[in-house]
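Okay, so here's the structure we're looking at.
The values are calculated or read from the model by the stated rules, or taken from the named source; none is laboratory data. Note that the coordinates shown come from a computational prediction; the quantities given were computed from them, not determined experimentally. Because the Cβ atoms are built from the backbone with ideal geometry, glycine has one as well, and the counts that use them run over all protein chains shown. In case anyone asks, the SASA skips ligands and DNA or RNA and just uses the protein heavy atoms, side chains included. Shrake-Rupley method; radii C 1.70, N 1.55, O 1.52, S 1.80 Å.
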Amino acid sequence: MSRPSTHIWRLLKWGRIAARHGALRGIENDPNAPVPVKKLIRIARLGTRQPATPDYAGAFRAIGPAAIKLGQSLATRPDLVGDEAAQNLLSLQDNLPPVPFERLRPAVASTFVQPLNALYQSIDPDPVGAASIAQVHKAVTSDGRTVAVKMLRPGIREQFARDIATYEWAAAHVEAMGGEAARLRPSLTIANFKRWTNSELDLRREAASASELAEAMKGFAGYRIPAVDWDRTNGRVLTIEWIDGIKMSDRKALLEAGHDLDQLAERLVLAFLTQAISYGYFHADMHQGNLFVEPDGTIAAIDFGIMGRIDRRARQWLAEILYGLTTGNYRRVAEIHFEAQYVPSYHSVGEFATALRAVGEPMRGKPVSELSVGQMLDGLFAITRDFDMQTQPHLLLLQKTMVMVEGIATQLNPKINMWDVSAPFVRNWIRDELGPEAAIADRLREDADTIQRIPALIRRLEEKFPPRGGAPDPPPLPEIELMWERKERKPGPGWLGQAALLLAGAGLMAGLFAFGVLG
């Protein structure tokens, strides 16, 4: 465990980098920022020259790989970093200069029992992509299949562990200062960030995520997940089917290939809703570089290091919230927030519904090019402080992915109306999952589960209260008061009482002597 001085030194070093990019000005001017944090910022920026326009993305990129990942997660937290910083961080791309393959090769070879040339005919030494955690090389397997091989950067696990330890230390101290910092729960934000990055640093987990998502989406036409090569996959190396297609970011190439961009945009939105609402398990890194369009128009997704999971109850709330906003039923949306305990019960449901109306009404019936889901989230974050809503970390990935999907859909079709695309899907899901038939099915399933647990309950009761043996019942026994119980029930006189009794006894003896009764 690092000493506090080590954490403070790292924070000051990172602070100076951030100050040179003007990225600390917002925190320093924020009236809600804790005073000790502002003092540390003033120390960090001493002697630095700050640009007129802050470059938050550049600051996180300059600090290092873990900071890049943290910056991307904070892009969906305007409540935590401010609107200006959140917008700037959306441009933060996770790309770094690659590690030469000759440096990677020994580390990769050491992870397999067989030599590399027995697994791969060839591996292209020039990577097709290099990010903060890993880089990807095109390769041909020993049986002639073209694959993508993802390899962790050397020493990246240790570097992330050091940096995240300092993030945890800083978040705990800021949260302990109370006030607005405590409401935003930065410690939970970092805890979720740590969990996400730990899964990214184990490529077996990424392979399992790809396999699980492929199974969940196998019934969704026009969207697919590449197959994992498990024989060539371990904790540091992931081998997956090679995807031949056009990146979704290349709008011109998609048009030249004859793809229907409006249809692609709508299918992408529905694919996300299917993952998040129907299955509760979704690809949470849907940026343009991770989505391809194959020649037949199928959308293929890659890079499954960051995945989101939502339980069934939260999905029901989410579906009702989205549907309530699309239909203007703000009262029901407000009630859901209170039922989920997102809003403390001492607030008024009616007042919260009015605040939601102020966010939702300007968006209804308008294309994303004018008003967006991202702006809706900004508006919702803006009212959280007024209603003492604590940040819900389990929804952060969902919020981030919604913004990503919206951005790609807008690029493909600037006139797309996210509400019009989402409403039929959400309405059908609510009917299927929350309608009378679903309620009856849920009740039958719960009752069946209860009945199945009865035998185990009886066995536990018998263990607690075993049956009587073959001997007859014993006769009733008299109640005998024990000596110590009597003493406890009738305590004797204390030392004062005993002294009084001695004095009385001495007086009685003296009187008897005086009258000649004794002696």
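So the values come out like this:
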read-out: Qualifying helices (runs of 4 or more DSSP H) (wholly inside region 152-206; at least 2 residues being touching a helix residue (DSSP H, G or I) at 6+ places or on another chain (Cβ under 6 Å) and farther than 21 Å from M307 by Cα); value: 156-176, 180-184
read-out: Top-ranked residue of region 128-138 - restricted to ones that are part of a strand (DSSP E or B) and touching a residue at least 60 places away in the same chain (Cβ under 8 Å), ranked as most open to solvent (accessible area, probe 1.4 Å); value: K138
read-out: Residues within region 207-247 that are in contact with a Gly (Cβ under 7 Å, 6 or more places away or on another chain) and in contact (Cβ under 8 Å) with a residue 60 or more places away in the chain, tallied; value: 1
read-out: Hey, R251 among the basic types (K, R), farther than 30 Å from V140 by Cβ and free of Cβ contacts under 8 Å to residues at least 24 places away in the same chain or not; value: no
read-out: Unmet criterion (only one of (1) closer than 25 Å to R309 by Cβ; (2) within 28 Å of the chain's Cα centre (by Cα)) for K247; value: (1)
read-out: Unmet criterion (only one of (1) on the phi > 0 side of the Ramachandran plot; (2) more than 29 Å from the chain's Cα centre (by Cα); (3) not charged (D, E, K, R)) for I43; value: (1)
read-out: Residue satisfying all of: in region 209-231; part of a helix (DSSP H, G or I) and over 22 Å from A109 (Cα atoms); most open to solvent (accessible area, probe 1.4 Å) among these; value: E215
read-out: Close pairs (9 angstrom Cβ cut-off, 6 or more residues apart or separate chains): within 21 Å of P100 (Cα to Cα) in region 139-151, of a type in the set (S, T, Y) and open to solvent by 50 Å² or more (accessible area, probe 1.4 Å) anywhere; value: A139/S122; A139/T146; V140/S122; V140/T146
read-out: Selected residue (criterion: least open to solvent (accessible area, probe 1.4 Å)) from residues of region 48-74 that are among the β-branched types (V, I, T) and closer than 19 Å to Q87 by Cβ; value: I68
read-out: Residue ranges of helices (runs of 4 or more DSSP H) in region 412-510 with at least 3 members modelled with pLDDT under 65; value: 436-464, 483-489
read-out: Residues (closer than 23 Å to D303 by Cα, not hydrophobic (A, V, I, L, M, F, W, C) and not in a loop (DSSP other than H, G, I, E, B)) located in region 104-127; value: R105, Y120, S122
read-out: Conditions (1) surrounded by fewer than 20 Cβ atoms within 10 Å (Cβ to Cβ); (2) touching an Asp or Glu at 6+ places or on another chain (Cβ under 8 Å); (3) not in a loop (DSSP other than H, G, I, E, B); number of the one not met by A319; value: (1)
read-out: Matching residues in region 142-183 - criterion: being in contact with a Lys or Arg (Cβ under 6 Å, 6 or more places away or on another chain) and under 20 Å from A207 (Cα atoms); value: L152
read-out: Number of positions in region 160-192 that are within 24 Å of Q275 (Cβ to Cβ) and modelled with pLDDT of 85 or more; value: 1
